[in-house]
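Okay, structure first, notes after.
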Amino acid sequence: MQTKMLEPDIKGINAAAELLRGGETVAFATETVYGLGADARNDAAVAKIFKAKDRPAFNPLIVHLADFDMLKDLAEIPDAAEKLLPLWPGPLTLVLPKKPASGLSDLVTAGLETVAIRVPAHATARAVLQAFGGPVAAPSANPSGKVSATSADHVLAGLQGKIAAILDGGPCGVGVESTIIGFENNQMVLLRPGGVAIETITQLTGQVPVIAKTGQITAPGQLQSHYAPDVAVRMNASEPRANEAWLGFGANPRQAPGLNLSANANLTEAAMALFDSLRKMDAICKRNGLAGFAVAPVPDTGLGLAINDRLQRAAAPRVNG
Ligand code: TXA
Ligand code: MG
């Protein structure tokens, strides 16, 4: 299959919506990372997402909506979730009880009773969702277990020939995936730190989300090894070893081949640069014959929590290829 490149103009948006209606997969820009979309009500279309990504079928997908109007047909909204609705559109995903008549493909939810929903803010994502007019299932547009895509080129590098089209909306502004919140006994549970800082959620709701226990597959996608470059990754390093490149944050300890996530230690800038940097560090290590790279400590506050979560999974022993 030839993967078409589409511009985010009326022609490109309509072509993308038409492909989705025809049961094809289309990657599109969101403010977090690029998503690989398909009609969430069409089993065959959703199956194409899993095939293109080589994603395990037990890992459910996020359903993307143009606005909340469509939400009431798909899911129940617990009281605790109501309080978070002002954060939409934006980099937030809510895991909600699925309505029996949702019409969603069971592949989307991997047979769970809940469904993950997101209303993205990016103009390109909103335009294609509006033009399509229905729920779009979309995981990150990268081969399963690998580094997420924050540009059309990243998508092409991983999925060329495996998906129908890419709607190029430029580089992603947030750079890490959405924050995922679930609900247990009407209490918020943080399933994945992401583009909305926990501090923001606490400020808005007056409550601190419970942190989901790691190792427990409550979010089946929270596999330990994920976002993995080919080379080894070592976190919280004070300086690079002889056989390592260096991914800095703030002032660099000494010269080594590498990059800096943010020379002035700005977490927003670092999040935006993260996945592109992981890809480039891979290439730098290979070019210099280095076994891997060390990463400077990143504070666990604000977007730092999501950055450290992704780095931890990038550094984890590779179990799922
Ligand atoms: O920012 C994002 O969230 C991006 C863009 C494209 O929207 N999407 C994304 O999708 O990161 P993906 O598939 O890479 O990650 C979705 C995560 C997975 O960890 C999956 O297990 C979890 O959401 N998830 C989906 N449905 C769930 C459910 N019903 N219960 C618990 N976790 C769920
Ligand atoms: Mg992903």
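The values are calculated or read from the model by the stated rules, or taken from the named source; none is laboratory data. As the structure is a prediction and not an experimental result, all values here were calculated from the model. No Cβ is skipped: glycine too gets one built from the backbone with ideal geometry, and neighbour counts run over all protein chains shown.
Could you please find all residues in the stretch 1-35 being closer than 16 Å to GLN130 by Cα and within 16 Å of ligand 2 (Cβ to nearest atom)?
Across the stretch 1-35, the qualifying residues are ALA27, PHE28, ALA29, THR30, GLY35.
Which of the residues belonging to the stretch 270-291 are of a type in the set (D, E, K, R) and out of contact with any helix residue (DSSP H, G or I) (no Cβ under 8 Å at 6 or more places or on another chain)?
Of everything in the stretch 270-291, those that are of a type in the set (D, E, K, R) and out of contact with any helix residue (DSSP H, G or I) (no Cβ under 8 Å at 6 or more places or on another chain) turn out to be LYS280, ASP282, LYS286, ARG287.
For ALA242, work out the one condition from (1) within 16 Å of ligand 2 (Cβ to nearest atom); (2) of a type in the set (A, V, I, L, M); (3) at pLDDT below 95 it doesn't fulfil.
It is condition (1) that ALA242 fails.
Exactly one of these conditions fails for ALA57: (1) more than 12 Å from ligand 1 (Cβ to nearest atom); (2) in contact (Cβ under 8 Å) with a residue 12 or more places away in the chain; (3) not hydroxyl-bearing (Ser, Thr, Tyr). Give me its number.
(1)
Enumerate the pairs (first residue in the stretch 4-25 and at positive phi; second residue anywhere and at pLDDT 95 or above and not in a helix (DSSP H, G or I)) with beta-carbon separation below 6 Å, excluding pairs fewer than 6 apart on the same chain, so at least 6 apart or on different chains.
Listed pairs, sorted by first residue: GLY23/ASN42.
Would you point out which residue out of LEU159, LEU94 is within 16 Å of ligand 2 (Cβ to nearest atom) and assigned by TED's automatic domain parsing to the domain that holds ASP39?
The conditions single out LEU159.
Wholly within the stretch 135-244, which strands (runs of 3 or more DSSP E) include no fewer than the required count, namely at least 1 residues that are acidic (Asp, Glu) and closer than 28 Å to ARG41 by Cα?
Details: elements: 165-167, 179-184, 187-192, 232-234.
Where strands (runs of 3 or more DSSP E) fall fully within the stretch 135-244 and carry at least 1 residues being acidic (Asp, Glu) and closer than 28 Å to ARG41 by Cα, they are 179-184.
Say whether the condition of being part of a helix (DSSP H, G or I), within 12 Å of ligand 1 (Cβ to nearest atom) and either in contact (Cβ under 8 Å) with a residue 12 or more places away in the chain or over 25 Å from ALA44 (Cβ atoms) (or both) is met by at least one residue in the stretch 77-93. Spell out the reasoning first.
If we filter the stretch 77-93 for residues that are part of a helix (DSSP H, G or I), which is where we start, we get 79-82, 85-87.
Narrowing further to those that are within 12 Å of ligand 1 (Cβ to nearest atom): none.
No: zero hits.
Quick one: which of ALA131, ALA125 is in a helix (DSSP H, G or I), at pLDDT 95 or above and surrounded by 24 or more Cβ atoms within 10 Å (Cβ to Cβ)?
From the options ALA131, ALA125, the qualifying one is ALA125.
Quick check: anything in the stretch 187-205 more than 9 Å from ligand 1 (Cβ to nearest atom) and touching a Phe, Trp or Tyr at 6+ places or on another chain (Cβ under 8 Å)?
yes
Of everything in the stretch 36-67 that's aliphatic (A, V, I, L, M) and in a loop (DSSP other than H, G, I, E, B), which residue is farthest from ligand 2 (Cβ to nearest atom)?
ALA66
Those residues that are more than 23 Å from ILE181 (Cβ to Cβ), touching a Lys or Arg at 6+ places or on another chain (Cβ under 9 Å) and surrounded by 14 or more Cβ atoms within 10 Å (Cβ to Cβ), I need them from the stretch 50-79; list them, please.
Once the filter is applied, which keeps residues that are more than 23 Å from ILE181 (Cβ to Cβ), touching a Lys or Arg at 6+ places or on another chain (Cβ under 9 Å) and surrounded by 14 or more Cβ atoms within 10 Å (Cβ to Cβ), the stretch 50-79 yields ALA52, LYS53.
Name every residue in the stretch 292-321 that is assigned to a loop (DSSP other than H, G, I, E, B), modelled with pLDDT under 95 and either closer than 17 Å to ARG234 by Cβ or touching a helix residue (DSSP H, G or I) at 6+ places or on another chain (Cβ under 9 Å) (or both), in order of residue number.
The answer is ALA316, PRO317, ARG318.
Considering only residues that are of a type in the set (Gly, Ala, Ser) and modelled with pLDDT of 95 or more, look in the stretch 251-262 and name the one that is surrounded by the fewest Cβ atoms within 10 Å (Cβ to Cβ).
SER262
Scan ALA165, ALA149, ALA141, ALA197 and give me the residue that is away from ligand 2 (no atom under 14 Å from the Cβ) and closer than 30 Å to GLU7 by Cβ.
Only one candidate passes the filter, namely ALA165.
Considering only the stretch 80-110, how many residues are in contact with a strand residue (DSSP E or B) (Cβ under 7 Å, 6 or more places away or on another chain) and within 16 Å of ILE181 (Cα to Cα)?
Within the stretch 80-110, residues that are in contact with a strand residue (DSSP E or B) (Cβ under 7 Å, 6 or more places away or on another chain) and within 16 Å of ILE181 (Cα to Cα) number 12.
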